[in-house]
Amino acid sequence: MKNCFWKCFYVIVFFSFVTPSFVGYCQETEFTKSEIQQAVQKYVSEKSHDGLFTFHDSISGQDLSLVFEKVRIVRSLAGYGYFATAQFHDQLDSTKPYELDFWWKPKGNELLLMDIRVYKFPKKEGDKWVLQTHYPIAWWWLPSTEHPGEYEQKRAWEVKAAIHEYVAQKMKEGGGVFHLKDPKTGKDLSLEFVEIHNPVRRIPGKQYFACTDFREKDEPQKYYDIDFWFDEKQGKLIVSDIKIHKEPVKEGDQWIQVERYSFEKDHPQTVP
């Protein structure tokens, strides 16, 4: 009885000092593969009209009209959530396949949809459509290619994950667009997230950073190259700065990207 008392005492003391975020993390619900599949099916059903799921592919800039088939695979990544790959086909051609990745994060007892990305798209080979993986592949596929173990520094996929989570959250707050004030012009930009570049880099002994592509909303050819810079604090990557690396400038009837600054003098290193 005495030992039981002290064990309970230590547990109470421990949890009185842990941070709220840690407690929240411990309380996150674990979801089954079936529950993730159901979440995807429910979302697609709610967003479909007359059996068609309309999805805006930010990479190609196209609006796709798709027919849902099934969830092919569900994967989980500790601390990042769940990733479900769903099969679809084109509205007008049932032999023209697509695969979309749905990123879900647990929030208490609920699942929060963070983003949807095209994982594989159709490519014509002869008289048949075949699936081709989009490159660079989404960061959540990269950990499976690595050897297990601890690393002295963050991996490239962890930096990409931090960017994607930051952007996804800001886009939810911004009603589907990423808002950024241009420090040079003072203009408030409404941007659509396209993708994260390779490679991810790090200034030796300093910050991590990676370049991204954003498209100005309703301007499909007007691209910004935006760098996200991170500090590492207590093992977590925190956005420390966002810089416009290249801006779109009209040249004739085309938009070209013009560099605003360079970081090569700092001798950045590629992060594996």
Item to check | the range 48-71: number of residues that are among the small types (Gly, Ala, Ser) and assigned to a strand (DSSP E or B) | outcome: 2
Checklist entry - Based on what the data block shows, is TRP140 part of a strand (DSSP E or B) and surrounded by 19 or more Cβ atoms within 10 Å (Cβ to Cβ)? => result no
Checklist outcome for this item: Going through the range 28-56 in order, the residues found to be surrounded by 14 or more Cβ atoms within 10 Å (Cβ to Cβ) and not aliphatic (A, V, I, L, M) are GLU28, PHE31, LYS33, GLU35, GLN37, GLN38, GLN41, TYR43, SER48, PHE53, PHE55
Checklist entry - List pairs: first in the range 159-180 and over 19 Å from PRO106 (Cα atoms) and touching a residue at least 12 places away in the same chain (Cβ under 8 Å), second outside any helix (DSSP H, G or I) and of a type in the set (Lys, Arg), Cβ under 7 Å, 6+ apart or cross-chain? => result VAL177/LYS217
Checklist outcome for this item: In the set HIS179, HIS164, HIS197, the lone residue that is more than 25 Å from ALA78 (Cα to Cα) and under 20 Å from the mean Cα position of the chain (by Cα) is HIS179
Checklist entry - Taking into account only those residues within the range 171-221 that are farther than 22 Å from VAL159 by Cβ and of a type in the set (A, V, I, L, M, F, W, C), which is surrounded by the most Cβ atoms within 10 Å (Cβ to Cβ)? => result LEU189
Checklist entry - Condition test on PRO148, is it modelled with pLDDT of 95 or more and over 23 Å from ARG201 (Cβ atoms)? => result no
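Here is a yes/no grid of residues against (1) basic (Lys, Arg); (2) touching a Pro at 6+ places or on another chain (Cβ under 7 Å); (3) open to solvent by less than 40 Å² (accessible area, probe 1.4 Å):
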site	(1), (2), (3)
ILE73	no, no, no
HIS89	no, yes, yes
TRP103	no, no, yes
HIS134	no, no, yes
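The values are calculated or read from the model by the stated rules, or taken from the named source; none is laboratory data. Computed from a prediction, not measured in an experiment: that's the story for all the values here. Positions of Cβ are generated from backbone atoms using ideal geometry, with glycine treated the same way; all protein chains shown enter the neighbour counts. All accessible areas refer to the heavy atoms of the entire protein, side chains included, with ligands and DNA or RNA removed. Shrake-Rupley method; radii C 1.70, N 1.55, O 1.52, S 1.80 Å.
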